[in-house]
Every structure is written in C-alpha cells, then in structure tokens.
Amino acid sequence: MKTQDELIDELLDLAFAEDLGDGDHTTLSTIPADAMGRSRLIVKEDGILAGVDIAEKVLHKVDPSIKMEVFIKDGAKVKKGDIAFTAEGPVRSLLIAERTMLNIMQRMSGVATMTARYQKELDGLKTRVLDTRKTTPGMRMLEKEAVKIGGGTNHRIGLFDMILIKDNHIDFAGGIEKAIQRADDYCKANGKDLKIEVEVRSLDDIRRVLAHGGVDRIMFDNFTPELTKEAVALVDGKVETESSGGITLENLRAYGEAGVDFISVGALTHSVKGLDMSFKAF
C-alpha cells in the first residue's frame, strides 16, 4: 500500500502533467532563463490557512533551489491582506508552480475554514466533527489533512482502514446480524485488526446490534435530534456513537447536544468554496 507522501507525490505529478504539457510557452517566451525574482502568497479572504507545507513541496518539485520564508503556518486564522510566505528563485520556476500551488492551497484552506466553522458550533460539547469519503478524486489525503488543520477529526481514510457496514451491505448480506458476524469472521480469518462500525436506521436496529455485539461504533443514519437523544441513551456508552445524514450547520448543535461522540459531515469536503488568495511578484 502506498504511503501518504507517495500518493501526494503522484498527485503533484498528475497536476503538473495536465497543466504543463510540453512546457509553459508563455513563461518560456517572455522570461529570460537567468531571471531571478520573489513572490508572496497574499490572503484575500478571512479564514483558516492550510496547505503551506504542501506549497513547499510544490515549489521544490518544480525547482529545489526556490527558497521559502514562512510567516503564517497551517491552522492559523488569517484575514484579508495577510502575507503567508514569500518564495525566491528563478522567475520561470515561480510562474510554473503558481497555479498548481494556489489550486491546492485554496482548496485546503477552504476545507479547513469550513471545518473550523462546524467544530466551533460544538464548543463546550464532547462531540467531534468527522469528514467522509466524499472527497475530490486524487485529493483525499490533502483534503483530510485540511480537516485536521481546521480542528476536525478524520473518519476512515478509505475502504481499507475500517469496516463500515452500511444499509446496502446489510440488505445484501441478509440482515444486520449476518453482516456484523461476517465482518468479524473476515477479520479473524484474514488477520485484520479493523474497527467495525454499523449503520442503523431505527431504535430497533440499535437493540439488535447491542444484542449481537461485535461492533465498535454505531452510526445513526438520518435520525432527528430527538431520536438521536433516545438512541444515545439506549447505547448508554457501550460503544461509540455517530450521527450522519441531513446534518447542516444550522442543526449541528442540536445533534451534539443529543450526546453523540461524532457527527460526520460530507459538506466539509464536497461543498467547499476555496479561500481566495494570490501569488504576486514584489
């Protein structure tokens, strides 16, 4: 299995392949090869900064000789007009790296800003906001890193690091007990140490799960806040609890006050506006 660094490196290879092609002919035709310069990353909108570490990877992938001076680190609150960092080196390299770097930083900062907004709604509660697998193809590692930078918590990274038994698995398996048992048997047979989570659609489903056992977390799918409070009382701390489905910034607090451990929110990554910023010569 590939490491996070390897996946990010492949993403950058693809990003430059689709952008650069056989060369940045605008830059090559207008900028002398020996021209040196400086650019600065200017924040143009209030939010949470994310992607500074990745920006350095982008710049150095284009040209290891580029020097960065960082003024604001990942996770910091930023406001319009802030200078996050400067970069100095061959002008051609700075121009070639610009768009790919900005695309990544704007996206990551947008995710971090959205996450911080959601987690702030839960101030004073034990409940943590989770991301989902509803990510931009190829950018999952970066978007999930941005969720952490924004103060959220990662759910599973992919299909490989946790068992999440959802409604379709249950229906195809022939019932909730069969699905759980098969998952447990599979882990034992294959030497897998994976947490098992199961999605439930009613209080009766919860009773069946608790009677059977063998799970680490129960996900309440499309429960109302009122029903969620009943569900949390029914579970009574025996396993972790999670709410999912139909949750917005407006009703998030009500779900947290119902007592769940986690709330998963697809909007952290699938409905995000990038944070506005630019990379300008100075």
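The values are calculated or read from the model by the stated rules, or taken from the named source; none is laboratory data. Since we're looking at a predicted model, the values are computed, not measured. Cβ: placed from backbone, ideal geometry, glycine included. Neighbour counts: every protein chain shown. To get the accessible areas, we keep the full protein, side chains included, count just its heavy atoms, and leave off ligands, DNA and RNA. Shrake-Rupley method; radii C 1.70, N 1.55, O 1.52, S 1.80 Å.
In whole percent, and with a 1.4 Å probe on the protein chains, what portion of the accessible area of region 106-159 is carbon and sulfur? Intermediate results must be reported in sequence, preceding the final value.
On the way: 1140 of 2190 Å².
Ligands and nucleic acids excluded, carbon and sulfur reach 52 percent.
So, R0 is 51 Å and r is the distance between the beta-carbons of ALA17 and THR224; what FRET efficiency does that work out to, to 0.05?
Numbers: r = 48 Å, r/R0 = 0.93.
Efficiency, from the Cβ-Cβ distance: 0.60.
Sequence gap at least 6, Cα distance under 8 Å: using those rules, report the relative contact order of region 129-177 to the nearest whole percent. Can you show the working numbers first?
On the way: 30 pairs, mean separation 17.0, N = 49.
Contact order relative to length: 35 percent.
What angle, in degrees between 0 and 90 and rounded to the nearest 10, separates the Cα long axis of helix 91-120 from the longest principal axis of the Cα atoms of the chain?
Once rounded, one gets 30 degrees.
Can you tell me the length gained on complete extension of the stretch ASP46 to ASP63, counting 0.36 nm per residue apart and subtracting the Cα distance? Provide the component values of the computation, followed by the final result.
Details: separation 17, 0.36 × 17 = 6.12 nm, distance 3.01 nm.
Extra length available between ASP46 and ASP63 comes to 3.1 nm.
Report relative contact order for region 56-141 in percent, whole number only (criteria: Cα-Cα under 8 Å, sequence separation at least 6).
On the way: 48 pairs, mean separation 20.2, N = 86.
The value is 23 percent.
How high is the relative contact order of the chain, in percent, counting Cα pairs under 8 Å that sit 6 or more residues apart?
Details: 497 pairs, mean separation 63.1, N = 282.
Value for the chain: 22 percent.
Which length gain, in nm to one decimal place, applies between ARG207 and PHE160 when the Cα-Cα distance is subtracted from 0.36 nm times their residue separation? Don't jump to the answer; show the numbers that get you there.
Details: separation 47, 0.36 × 47 = 16.92 nm, distance 2.77 nm.
Using 0.36 nm per residue and subtracting the Cα-Cα distance, I get 14.2 nm.
Roughly what % antiparallel, to the nearest 5, for the DSSP beta bridges in the chain? Kindly include the intermediate steps, with their values, before the conclusion.
Values: 18 of 36 bridges.
Of all bridge pairs located within the chain, approximately 50 percent are antiparallel.
Along its principal axes, what span do the Cα atoms of region 84-155 show, with the longest given first and each in whole Å?
Extents along the principal axes: 50, 26, 12 Å.
Per the helix-only calculation at 222 nm, which mean residue ellipticity applies to the chain, given -39500 (n - 2.57) for every DSSP H run of n ≥ 4 and division by its residues, nearest 500 deg cm²/dmol? Before the final figure, lay out each step's value.
Numbers: 11 runs with 127 residues, N = 282.
Calculated from helices alone, the mean residue ellipticity at 222 nm is -14000 deg cm²/dmol.
Sorted by packing (mean other beta-carbon atoms within 10 Å per residue), highest first, where do 64-72, 15-23 land?
Details: 64-72: 13.4, 15-23: 11.8.
The most tightly packed comes first, giving 64-72, 15-23.
Can you give me the solvent accessible area of ASP161 with a 1.4 Å probe, rounded to the nearest 10 Å²?
60 Å²
Could you work out the per residue convex hull volume over the alpha carbons of the chain, in cubic angstrom?
On the way: hull volume 39.4 nm³, N = 282.
Convex hull volume per residue, Cα atoms: 140 Å³.
What percentage of all Cα-Cα pairs in region 1-132 are separated by more than 23 Å? Spell out each step's value before the answer.
Values: 3615 of 8646 pairs.
Counting every Cα pair in region 1-132, those more than 23 Å apart make up 42 percent.
Take the Cβ-Cβ distance between LYS134 and ASP34 as r, set R0 to 41 Å, and report the resulting FRET efficiency rounded to the nearest 0.05. Intermediate results must be reported in sequence, preceding the final value.
On the way: r = 47 Å, r/R0 = 1.13.
Efficiency at R0 = 41 Å is approximately 0.30.
What is the local net charge at ASP9, summed over the other residues whose Cβ is closer than 15 Å to its Cβ (Lys, Arg +1; Asp, Glu -1)? Could you put the intermediate results ahead of the total?
Working: positive: LYS2, LYS57, LYS61, ARG140; negative: ASP5, GLU6, GLU10, ASP13, ASP53, GLU56, GLU145.
Residues near ASP9 contribute -3 overall.
Work out, step by step, the length gained on full extension between PHE71 and ALA233: first 0.36 nm times the residue separation, then minus their alpha carbon distance; give nm to one decimal.
Details: separation 162, 0.36 × 162 = 58.32 nm, distance 4.76 nm.
Contour length minus the Cα-Cα distance gives 53.6 nm.
Any chance you could check the Cα centroid distance between region 195-214 and region 225-257 for me, in angstrom?
For region 195-214 versus region 225-257, the Cα centre distance is 15 Å.
Please figure out what share of the DSSP beta bridges in region 30-166 is antiparallel and state it in percent, rounded to the nearest 5. Working shown, then result.
On the way: 13 of 14 bridges.
The antiparallel proportion sits near 95 percent.
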